[in-house]
Amino acid sequence: MLRTGAIAGAAAVVTVPGAAGAAASTPLFGHGVASGDPLPDAVMLWTRVTPTAASAPGSGTGPDTTVRWEVSRDRDFTSVVASGSVTATATSDHTVKVDVSGLTPATEYFYRFSAANTLSETGRTVTAPAPESAVSGLRLGVVSCANWEGGYFSAYRHLAGRDDLFAVVHLGDYLYEYGTGEYSAMPAGTGRVHEPRHEIVTLADYRIRHAQYKTDPDLRALHAAVPMIATWDDHESADNAHERGAENHDPATEGDWAARRAAATRAYIEWMPVRTDGSRLYRRFRFGTLAELSMLDLRTYRTEQPSLRAPRRSPADDHGTLTGARQMEWLTSGLTTSPTHWKLVGNPVMITPLLIPPLDPQRTGALTDLLGVPAAGVPVNTDQWDGYPADRQRLLDALRETGTGNVVFLTGDIHTTWASDVPEDAALYPAGSVATELVVPSVTSDNIDDLLGVPPRTATPPIEDAIRGLNRHIAYVELDSHGYGVLDVTPEAVQMDWFFLDDRTDPASGVTRAAGMRVRTGTAHVEPAPPL
């Protein structure tokens with residue numbers, strides 16, 4: 001089992017005895033440390049320095065600052081295996097990213113930074129196993145959709161407190177672009193107010209918002225405890241983003257979309273411990289012969305979503321794309337030729353068909369013909385793969401035609417919890433399931449009971465029953481709770497356990513394991529499972 005050792009807490013900035021250190025009002029390493037994108041011989045390290053009070057995030061000012069970094073096999077740094085220095089400048093908002101190479105596979109390391117005679121807190125990271133090594137198990141935290149104003153990040157605190165995770169997979173909406181009070185908001189006086197207070201549009205805006213999120217103690221603790229493998233969804237730029245715009249972007253008042261997206265992309269790459277090829281974010285990670293994880297970018301290359309009032313009726317009608325041609329080729333060829341036992345896909349939006357009406361052709365064929373409803377059903381949300389049926393069909397056909405099994409999509413975005421089989425044709429299910437999907441709830445962002453303004457588990461159980469009744473391939477759905485998932489991967493099965501917070505508005509919220517679903521090897525079928 002790939003798992004952590006002792007967890008490194010998110011301690012305060014440590015000042016070297018006898019040194020002047022940073023001013024108390026301007027902590028030099030006030031945004032913590034982070035690691036990410038672990039490879040067998042390399043890992044990304046990240047921090048941000050604030051050399052002067054005027055060098056605030058987004059300010060574009062401040063002196064060049066030499067930052068030294070160290071990587072050690074022990075927490076006391078008596079066995080340093082790599083070190084160096086880098087210059088933090090205003091050009092990169094004084095963020096520091098180091099791709100440390102030459103490391104040993106499947107090894108725990110500790111790291112820290114120093115500048116101006118001041119030490120950062122100590123972070124802990126780990127490298128992936130060698131590509132051909134036999135791995136008996138892999139355990140990952142899985143999260144999505146954390147709105148600062150929606151509640152406290154207790155889900156991150158609980159994940160940081162575990163000692164059995166290799167990494168945390170973040171499936172997008174790491175932050176939200178809205179202005180204060182424009183989306184779900186905490187009661188006045190809680191301190192959970194967005195900075196800047198307006199909707200973020202410029203490079204400075206995005207930098208300030210990233211910086212604010214990295215002052216959260218629970219998020220800082222998580223970053224310091226385990227490496228993160230992250231991708232973006234829409235709110236890292238703007239709601240329902242696509243290649244030429246976004247639902248939450250008005251060119252008349254907010255300027256050119258390409259400029260805004262470029263600003264959001266630049267700030268994200270600066271502030272996140274991700275390894276990119278230019279601005280390309282889709283990438284792949286391997287964990288020995290056990291599993292491979294393909295992380296998707298489903299915002300940069302997609303065409304505009306079809307209208308719910310006039311959805312694309314079938315793959316034959318669909319001239320849009322969710323992935324873009326190059327990413328689709330990369331994804332299909334990677335999945336169908338992967339030498340690993342399991343093929344995991346970090347998938348920002350749901351691929352499972354979510355359709356109305358009931359789709360048993362023997363019972364509903366005449367009705368759908370009469371109403372002009374497509375046999376594949378009417379999609380509920382065209383921002384998901386449902387809005388791009390040709391891309392989905394192309395991918396699922398490739399899996400079927402090549403006999404590629406053990407494909408599991410790990411998904412966020414929808415703020416709720418789901419476990420599904422993914423059939424080639426929902427109308428013919430239970431025949432033809434070629435993959436499965438496990439969806440995690442939001443960390444804090446509104447879900448159904450929040451949007452309806454009703455107590456949890458009052459209005460939604462009948463809705464959940466209806467969803468399962470109309471979509472027989474969906475085995476589990478829970479629409480109310482916030483939390484996270486823990487994914488366990490062994491040669492025999494992939495299992496997701498979901499943990500729900502007691503109260504997202506309580507900074508000390510407890511958590512409860514609510515459910516577990518697994519996929520046995522070779523089945524493309526989800527089933528209930530006991531606790532891990």
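The values are calculated or read from the model by the stated rules, or taken from the named source; none is laboratory data. This structure is a prediction, so every number in the text was calculated from the model and none was measured. Counting neighbours? That spans all protein chains shown, and the Cβs are built from the backbone with ideal geometry, glycine included. Surface accessibility is based on the protein's heavy atoms, side chains included, excluding ligands, DNA and RNA. Shrake-Rupley method; radii C 1.70, N 1.55, O 1.52, S 1.80 Å.
Over the chain, what is the relative contact order in whole percent, taking alpha-carbon pairs under 8 Å and six or more residues apart?
14 percent
If you average the alpha carbon positions of segment 22-78 and of segment 404-418, how far apart do those two centres end up, in angstrom?
Comparing the Cα centres of segment 22-78 and segment 404-418, I get a distance of 33 Å.
Loop only by DSSP, 13 or fewer other Cβ within 10 Å of the Cβ. Give me the trypsin sites (Lys or Arg not before Pro) in segment 477-532 that pass, ordered by residue number.
Passing sites in segment 477-532 do not exist.
Could you work out the per residue convex hull volume over the alpha carbons of the chain, in cubic angstrom?
144 Å³
State, to one decimal in nm, how far the label point of ARG520 lies from the label point of ARG162, with both points 7 Å from Cα in the Cβ direction.
2.4 nm
Apply the Debye scattering formula to segment 177-217, with a single equal point scatterer on each alpha-carbon and no solvent, then give log10 I(q)/I(0) at q = 0.18, 0.28 Å⁻¹.
-0.48, -1.02
Taking just the C-alpha trace of segment 215-325, give me its Rg and Dmax in Å.
Spelled out, the Cα radius of gyration and Dmax of segment 215-325 are 16.8, 52 Å.
What value in Å³ per residue do you get for the convex hull of the alpha-carbon atoms in segment 460-521?
Details: hull volume 5.0 nm³, N = 62.
Spelled out: Cα convex hull of segment 460-521, divided by residues, is 80 Å³.
Using only DSSP helix segments of four residues or longer, with each worth -39500 (n - 2.57), what per-residue ellipticity at 222 nm results for the chain after dividing by its residue count and rounding to 500?
Calculated mean residue ellipticity at 222 nm is -5500 deg cm²/dmol.
Using 0.36 nm per residue, how much length does the chain from THR337 to ALA493 gain when fully extended, once their Cα-Cα distance is taken away?
54.1 nm
Kirkwood hydrodynamic radius for segment 427-532: how many Å is it when counted over pairs of different Cα atoms?
When all Cα pairs of segment 427-532 are included, the Kirkwood radius is 15.2 Å.
Determine the gain in length on full extension of the stretch ALA262-THR107; use 0.36 nm per residue of separation and subtract their C-alpha separation, reporting nm with one decimal.
52.2 nm
What is the gain in length, in nm to one decimal, between ASP317 and GLU182 on full extension, counting 0.36 nm per residue of separation less the C-alpha to C-alpha distance?
Working it through step by step, the gained length comes to 45.0 nm.
How are the Cα pair distances of segment 116-212 distributed, in percent, across 10 Å bins from 0?
Percent of pairs per bin, in order: 12, 32, 29, 19, 6, 0.
For SER433, what is the net charge nearby, where nearby means another residue's Cβ is under 14 Å from its Cβ and Lys, Arg count +1, Asp, Glu -1? Each step should come with its number before you reach the end.
Working: positive: ARG392, ARG400, ARG472, ARG520; negative: ASP397, ASP421, GLU424, ASP425, GLU437, GLU527.
Overall, the nearby charge balance is -2.
Please report, as a whole percent, how much of the solvent-accessible surface of the chain comes from carbon and sulfur atoms (probe radius 1.4 Å).
Exposed carbon and sulfur together represent 54 percent of the surface.
Against the empirical 2.2 N^0.38 Å scaling, what ratio does the C-alpha Rg of segment 59-141 come to?
1.33
Evaluate the distance, in nm, between pseudo-label points positioned 7 Å from the Cα of GLU329 and of ALA431 along their respective Cα→Cβ axes.
Simple spin-label model gives 3.4 nm for this pair.
Dipole size in debye (nearest 20) for the chain around its Cα centre, Lys and Arg Cβ +1, Asp and Glu Cβ -1?
For the chain, the charge dipole is close to 1080 debye.
Write down the accessible area per residue of the chain in Å², having rolled a 1.4 Å probe over the full set of protein chains.
36 Å²
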